[in-house]
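Asks: Quick one: the structure is below, and I'll ask about it shortly.
The values are calculated or read from the model by the stated rules, or taken from the named source; none is laboratory data. Quick caveat, the model's predicted, so the values are computed rather than measured. Glycine gets a Cβ as well: all are built from the backbone with ideal geometry, and neighbour counts include every protein chain shown. Only protein heavy atoms, including side chains, enter the accessible area calculation; ligands, DNA and RNA are left aside. Shrake-Rupley method; radii C 1.70, N 1.55, O 1.52, S 1.80 Å.
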Amino acid sequence: MARVFNFSAGPAMMPLPVLEEIAKEVVDYRGCGMSVMEMSHRSKVYQQIIDEAEADLRDLMNIPDNYKVLFVQGGATLEFAMIPMNLMKNGVADYIVTGAWSKKAASEAKKYGKVNVIASSEDKNYSYIPDVSDLPIDDDADYVYICENETIHGTTYAELPNTKGKILVADQSSMFLSKPVDVTKYGLIYGGVQKNVGPAGLAIVIIREDLIREDLPDFVPTYCRFDTHAKNGSMYNTPNCWAIYVCGKVFKYLKSLGGLSAMDEINKKKAAILYDFLDSSKLFKGTVEKKYRSLMNVPFVTGDADKDAAVVAATKAAGFDNLKGHRSVGGLRASIYNAMPIEGVQALVDFLKKYEAENA
Ligand SMILES: *Cc1c(COP(=O)(O)O)cnc(C)c1O
């Protein structure tokens, strides 16, 4: 067995102890004589799996009782539509556009109501987060929307926006469980889990109870109503049983490491190794303004597309996988989520240093 250091932005690395535990249970889950893939979601055994997953997540994130946790299929992308369909009461929402993912979310929301882009960093290819301390919030806005960590452009918020009393909605897909967050500051937090938690095809939605409406327009599909999922314990239809099970394992694993404060410490250390190198390098440079650098996704370039391609090829040959940057930024991108060991980042930096010395 040989595992590579996988710097993919998603689906991404999973913790090895979790994979090994799943492997042990895959043929016979704890004496049931079947795997979790094969069991009824209405069984007692599965009910315990989903209940424990939710309880462990609540514990990890310190989620207050007046928030529901929903396990929804369709990834983060379906939430781009579900959020406006469910939260637009006045038919207006304010979006802050800081990269590819918030841009996509804003254009999807336009199908359901009026979208104001109240701040954007498009002028500098999304390499920073605009000033969000005093924004032109619409009086009628039903919510203010952010993507808190832009996976492709590698930015994150230094401070949350001043929403002037409006509900804050955040896409946390690529930073989910990477650090403690104060859930009470948000009306809704969601994330696709394949970046920092588990297998693709599942979104976790954490929503304040009073935002779950029943008076929705008829066109909203039953599956896309938050109340459908809330009333049915995320089992209106067959849920993504497997992904929920694996996420549950990851929650327990993170708890065993000391929870989200411990992850934050480790993630800061990991990111510093890479950013310190980039800041001292003559060949490479980070593409994001320092204050807004993501701890999870680190884009960097040489400034020359051919050189970038040569570095990507060299890293791949040396056992570092998926470092090619997204085409909209170019260069390289190292995604260093929770499951990337510090040794992986150190080994990559050692390699890049040597590469720089040999190619000066
Ligand atoms: C990957 C990603 C998405 C899309 O997730 P899917 O599960 O593929 O729909 C949305 N937002 C962010 C921030 C992402 O990183």
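Asks: Restricting to the range 197-216, give me the number of residues that are touching a residue at least 40 places away in the same chain (Cβ under 8 Å), open to solvent by 10 Å² or more (accessible area, probe 1.4 Å) and more than 16 Å from the ligand (Cβ to nearest atom).
Replies: The number of residues fulfilling the criteria is 7.
Asks: Looking at ASP321, ASP304, ASP350, ASP308, which one is farther than 14 Å from PHE277 by Cβ, surrounded by fewer than 17 Cβ atoms within 10 Å (Cβ to Cβ), modelled with pLDDT of 95 or more and over 21 Å from the mean Cα position of the chain (by Cα)?
Replies: Step by step, each of ASP321, ASP304, ASP350, ASP308 is checked, and only ASP304 is farther than 14 Å from PHE277 by Cβ, surrounded by fewer than 17 Cβ atoms within 10 Å (Cβ to Cβ), modelled with pLDDT of 95 or more and over 21 Å from the mean Cα position of the chain (by Cα).
Asks: Here's another thing I want to ask about it. For the range 163-172, enumerate the residues that are within 24 Å of ALA9 (Cβ to Cβ) and in a loop (DSSP other than H, G, I, E, B).
Replies: Passing the criteria: only GLN172.
Asks: For the structure I just gave you, tell me whether LEU160 is more than 28 Å from LYS270 (Cα to Cα) and either touching a Lys or Arg at 6+ places or on another chain (Cβ under 8 Å) or in a helix (DSSP H, G or I) (or both). Steps first, answer last, please.
Replies: Details: more than 28 Å from LYS270 (Cα to Cα): no; either touching a Lys or Arg at 6+ places or on another chain (Cβ under 8 Å) or in a helix (DSSP H, G or I) (or both): yes.
So LEU160 does not fit the description; no.
Asks: Still on this structure: Let me spell it out: the conditions are (1) at pLDDT 95 or above; (2) farther than 24 Å from ALA100 by Cβ; (3) open to solvent by 10 Å² or more (accessible area, probe 1.4 Å), and ALA360 meets all of them except one. Which number is the exception?
Replies: In the conditions (1) at pLDDT 95 or above; (2) farther than 24 Å from ALA100 by Cβ; (3) open to solvent by 10 Å² or more (accessible area, probe 1.4 Å), ALA360 misses (1) alone.
Asks: With ASP134, ASP142 as the choices, which residue is away from the ligand (no atom under 12 Å from the Cβ), buried (at least 19 other Cβ atoms within 10 Å of the Cβ), closer than 17 Å to LYS164 by Cα and charged (D, E, K, R)?
Replies: None of the others qualify; the one that does is ASP142.
Asks: Right, here's the next one. Give just the number: which of (1) more than 16 Å from the ligand (Cβ to nearest atom); (2) under 23 Å from the mean Cα position of the chain (by Cα); (3) among the hydrophobic types (A, V, I, L, M, F, W, C) does CYS224 not satisfy?
Replies: Checking CYS224 against (1) more than 16 Å from the ligand (Cβ to nearest atom); (2) under 23 Å from the mean Cα position of the chain (by Cα); (3) among the hydrophobic types (A, V, I, L, M, F, W, C), the one that fails is (1).
Asks: Are there any pairs, at least 6 apart or on different chains, whose C-beta atoms fall under 9 Å, with the first in the range 289-312 and under 12 Å from ALA271 (Cα atoms) and in contact (Cβ under 8 Å) with a residue 12 or more places away in the chain and the second basic (Lys, Arg) and open to solvent by less than 20 Å² (accessible area, probe 1.4 Å), and if so, which?
Replies: Matching pairs, first to second residue: LEU295/LYS270.
Asks: Return a yes/no flag: does the range 120-131 have any residue that is within 12 Å of the ligand (Cβ to nearest atom), in contact (Cβ under 8 Å) with a residue 24 or more places away in the chain and small (Gly, Ala, Ser). First the steps, then the outcome.
Replies: First pass over the range 120-131, keeping only residues within 12 Å of the ligand (Cβ to nearest atom): none.
Scanning the range 120-131, I find no residue that is within 12 Å of the ligand (Cβ to nearest atom), in contact (Cβ under 8 Å) with a residue 24 or more places away in the chain and small (Gly, Ala, Ser), so the answer is no.
Asks: Could you please tell me which pairs satisfy a Cβ distance under 8 Å, a separation of 6+ or placement on different chains, a first residue in the range 145-161 that is without any contact (Cβ under 8 Å) to a residue 60 or more places away in the chain and more than 24 Å from LYS114 (Cα to Cα), and a second residue that is open to solvent by 10 Å² or more (accessible area, probe 1.4 Å) and not aliphatic (A, V, I, L, M)?
Replies: Listed pairs, sorted by first residue: GLU159/SER133.
Asks: So, one more: Name, by its number, the condition in (1) in contact with a helix residue (DSSP H, G or I) (Cβ under 6 Å, 6 or more places away or on another chain); (2) within 16 Å of the ligand (Cβ to nearest atom) that does not hold for LYS103.
Replies: The failed condition is (1).
Asks: Quick check on the range 2-18. Is at least one of its residues outside the structural domain of SER107 (by TED's automatic domain parsing), out of contact with any Cys (no Cβ under 6 Å at 6 or more places or on another chain), open to solvent by 10 Å² or more (accessible area, probe 1.4 Å) and hydroxyl-bearing (Ser, Thr, Tyr)?
Replies: For the range 2-18, residues outside the structural domain of SER107 (by TED's automatic domain parsing), out of contact with any Cys (no Cβ under 6 Å at 6 or more places or on another chain), open to solvent by 10 Å² or more (accessible area, probe 1.4 Å) and hydroxyl-bearing (Ser, Thr, Tyr): present.
Asks: Oh, and also: Take the range 35-81 and flag every residue that is touching a Phe, Trp or Tyr at 6+ places or on another chain (Cβ under 6 Å), of a type in the set (D, E, K, R) and within 19 Å of ASN237 (Cα to Cα).
Replies: Hit for the range 35-81 is GLU79, nothing else.
Asks: Could you look through the range 68-100, keep only residues that are among the polar types (S, T, N, Q) and under 18 Å from HIS153 (Cα atoms), and pick out the one that is nearest to the ligand (Cβ to nearest atom)?
Replies: Looking at the filtered set, the residue picked out is THR77.
Asks: Okay, moving on. Please give the helices (runs of 4 or more DSSP H) falling wholly within the range 220-295 in which 1 or more residues are open to solvent by 20 Å² or more (accessible area, probe 1.4 Å) and closer than 17 Å to ILE204 by Cβ.
Replies: By residue number, 226-231, 241-256.
Okay, residues lined up against (1) more than 28 Å from GLY286 (Cα to Cα); (2) within 10 Å of the ligand (Cβ to nearest atom); (3) open to solvent by less than 10 Å² (accessible area, probe 1.4 Å):
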{"site": "TYR157", "(1), (2), (3)": "no, no, no"}
{"site": "ILE167", "(1), (2), (3)": "yes, no, no"}
{"site": "LYS179", "(1), (2), (3)": "no, no, no"}
{"site": "LYS185", "(1), (2), (3)": "yes, no, no"}
{"site": "LYS195", "(1), (2), (3)": "no, yes, no"}
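Asks: Yes or no: the range 13-31 includes at least one residue that is within 16 Å of the ligand (Cβ to nearest atom) and touching a residue at least 40 places away in the same chain (Cβ under 8 Å).
Replies: Yes, the range 13-31 contains at least one residue that is within 16 Å of the ligand (Cβ to nearest atom) and touching a residue at least 40 places away in the same chain (Cβ under 8 Å).
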